[in-house]
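The block underneath contains the structure these notes are about, expressed in structure tokens.
The values are calculated or read from the model by the stated rules, or taken from the named source; none is laboratory data. Remember, predicted model here, so these are calculated numbers, not experimental data. Counting neighbours? That spans all protein chains shown, and the Cβs are built from the backbone with ideal geometry, glycine included.
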Amino acid sequence: MSSPMLAVRTKTPLTCRLQEFKSAGHDVDLEFMEESLIALQGPSMARVLQKGVGDDLKKLTFMTSVLTPVFGIQGCRVTRCGYTGEDGVEISVPSKEVVSLTEKLLADSEVKLAGLGARDSLRLEAGLCLYGNDIDETTTPVEATLVWTIGKRRRQARDFPGADIIVPQIKAKTPRKRVGLISTGPPVRQHTPILSSDGRVIGEVTSGCPSPCLKQNVAMGYVETAFSKAGTSIQVEVRKKAVPAVVSKMPFVPTKYYMG
């Protein structure tokens with residue numbers, strides 16, 4: 001599937017951040033680029049894209065990138081990544097060429113346009129967090145089970161924002177933890193209360209939807225750590241009714257990243 005999108009999200013103007021860094025003595029500058037992003041994702045990605053690039057895509061592994069013309073369009077950066085759990089790439093392309101490149105990709109009958117709804121169900125099946133839903137400035141990597149994002153050197157140096165809170169949490173249990181959920185009945189959505197077997201509120205759903213691949217309801221959310229073990233029977237409150245659910249390991253659907 002191919003989903004062109006261009007998004008910039010920030011709370012503080014970038015120019016203000018730039019001035020902060022310069023005032024602190026850092027050698028930094030800011031350049032605005034007119035680029036768009038196309039996400040080409042799925043098992044046929046390599047076959048489709050290989051026809052349009054000169055580099056051998058077998059050499060391009062997960063989270064690596066290359067500057068290359070794509071179907072004759074100059075100035076593109078192809079990165080083997082994505083937000084679907086599938087093998088795929090994200091193509092940074094000059095904005096003036098994004099429509100042309102999208103049309104060239106769609107010329108292959110296996111490529112279909114997909115919107116954010118498809119992206120959201122795929123990333124949830126893959127157990128990937130969405131900022132603003134599953135993680136935000138009030139969530140620590142330990143609570144979100146994302147400790148793998150903090151390298152050993154950084155943990156020892158404690159030279160990152162929030163280190164005084166996060167590093168001690170790595171060695172101790174946190175009151176809450178992000179978990180996967182599988183439920184029956186109607187699908188659960190963001191902010192759905194999570195209940196213990198006796199009806200006590202023990203957490204909240206942050207993302208949820210019917211899984212197109214599994215044909216059952218999947219969700220993720222935060223629960224009290226005592227209820228975070230996979231296989232724990234709990235409940236979710238849907239339309240004022242308690243619905244059976246179970247804590248599940250993530251990803252719900254195995255990821256297919258290309259490691260070479």
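Values as computed for the structure displayed
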{"quantity": "Unique match (being of a type in the set (Val, Ile, Thr), in contact with a Lys or Arg (Cβ under 8 Å, 6 or more places away or on another chain) and either more than 23 Å from Arg119 (Cβ to Cβ) or at pLDDT 95 or above (or both)) among Ile165, Ile170", "calculated": "Ile170"}
{"quantity": "Contacts under 8 angstrom Cβ, first residue in segment 125-142 being assigned to a loop (DSSP other than H, G, I, E, B), partner of a type in the set (Lys, Arg), 6 or more apart", "calculated": "Cys129/Arg178; Leu130/Arg123; Asp134/Arg178"}
{"quantity": "Close pairs (9 angstrom Cβ cut-off, 6 or more residues apart or separate chains): under 22 Å from Glu137 (Cα atoms) and loosely packed, with under 11 Cβ neighbours inside 10 Å in segment 7-35, at pLDDT 90 or above and of a type in the set (Phe, Trp, Tyr) anywhere", "calculated": "Arg9/Tyr131"}
{"quantity": "Residue count, segment 80-106 (criterion: over 24 Å from Gly260 (Cβ atoms), of a type outside the set (S, T, N, Q) and surrounded by 18 or more Cβ atoms within 10 Å (Cβ to Cβ))", "calculated": "4"}
{"quantity": "Extreme residue, surrounded by the fewest Cβ atoms within 10 Å (Cβ to Cβ), among residues of segment 198-230 that are outside any loop (DSSP other than H, G, I, E, B) and of a type in the set (S, T, N, Q)", "calculated": "Gln216"}
{"quantity": "Count - residues of segment 65-99 that are within 24 Å of the chain's Cα centre (by Cα), in a loop (DSSP other than H, G, I, E, B) and farther than 30 Å from Phe252 by Cα", "calculated": "1"}
{"quantity": "Considering residues of segment 107-124 that are in a loop (DSSP other than H, G, I, E, B) and among the hydrophobic types (A, V, I, L, M, F, W, C) only, the residue surrounded by the most Cβ atoms within 10 Å (Cβ to Cβ)", "calculated": "Val111"}
{"quantity": "Test for Gln169: is it assigned by TED's automatic domain parsing to the domain that holds Pro244 and surrounded by fewer than 12 Cβ atoms within 10 Å (Cβ to Cβ)", "calculated": "no"}
